């Protein structure tokens, strides 16, 4: 098995590579994210050990760029930060596992072996309706080449529409999928969020993708 180690601290990098090699794994090393993205796209690695605190682009951005470049090797992120937000950022960026420093080397080796056995990560499904794209794994939306920033609720509603293009969806169906069960379904909140979406995904681009079906609900046109 071949592992890419991305670590900028020389002593830690030597320990990681020596330890992995003692376990019978071949290792390559780089100390920065830019080179890591290039190396990961140029060789077939069974796993990548990626430190968060790197010079230049950090581990979160490095991982995101790898995934955007279609690198599917499993990624284990290493960091001295143990806040929940940091772990979430790493996992949402495409990492597969997370280990906080200081760690026990036997645990790290076991995690790397487990990731390598799992094999390449499946490419996440990107929803497309016309030139509108939605990436559920990375929580990102584009119209053509322009990225659109949405709130969590706007994203959730748009994902429902793009999962079922051409279908008429009632306000209740949209509420059911974007809010918890206790939410008051007679509220006009859906109307409000549909207007928000239209202003972000349609108005700036001269399109009209969300259609109002009077007395029934809304529909995303298959070809706006």
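Against the condition under 16 Å from residue 120 (Cα atoms) and either out of contact with any helix residue (DSSP H, G or I) (no Cβ under 8 Å at 6 or more places or on another chain) or surrounded by fewer than 18 Cβ atoms within 10 Å (Cβ to Cβ) (or both), how does residue 41 come out, does it pass?
Details: under 16 Å from residue 120 (Cα atoms): yes; either out of contact with any helix residue (DSSP H, G or I) (no Cβ under 8 Å at 6 or more places or on another chain) or surrounded by fewer than 18 Cβ atoms within 10 Å (Cβ to Cβ) (or both): yes.
So residue 41 passes the test.
Taking region 1-105 and the helices (runs of 4 or more DSSP H) fully enclosed by it, the elements with 3 or more residues that are under 26 Å from residue 140 (Cβ atoms) and outside the structural domain of residue 135 (by TED's automatic domain parsing) are at 33-42, 59-68, 84-92. Check region 144-157 and report whether any residue there is at pLDDT below 90, buried (at least 18 other Cβ atoms within 10 Å of the Cβ) and in contact with a strand residue (DSSP E or B) (Cβ under 6 Å, 6 or more places away or on another chain). The answer is no, given that none of the residues of region 144-157 is at pLDDT below 90, buried (at least 18 other Cβ atoms within 10 Å of the Cβ) and in contact with a strand residue (DSSP E or B) (Cβ under 6 Å, 6 or more places away or on another chain). When region 147-168 is filtered for residues that are over 18 Å from the mean Cα position of the chain (by Cα) and not in a helix (DSSP H, G or I), the ones remaining, listed by number, are 164, 165, 166, 167, 168.
The values are calculated or read from the model by the stated rules, or taken from the named source; none is laboratory data. What you see is a predicted model; the values in this text were computed from it and never measured. Glycine also receives a Cβ, built like all others from the backbone with ideal geometry; neighbour counts cover every protein chain displayed.
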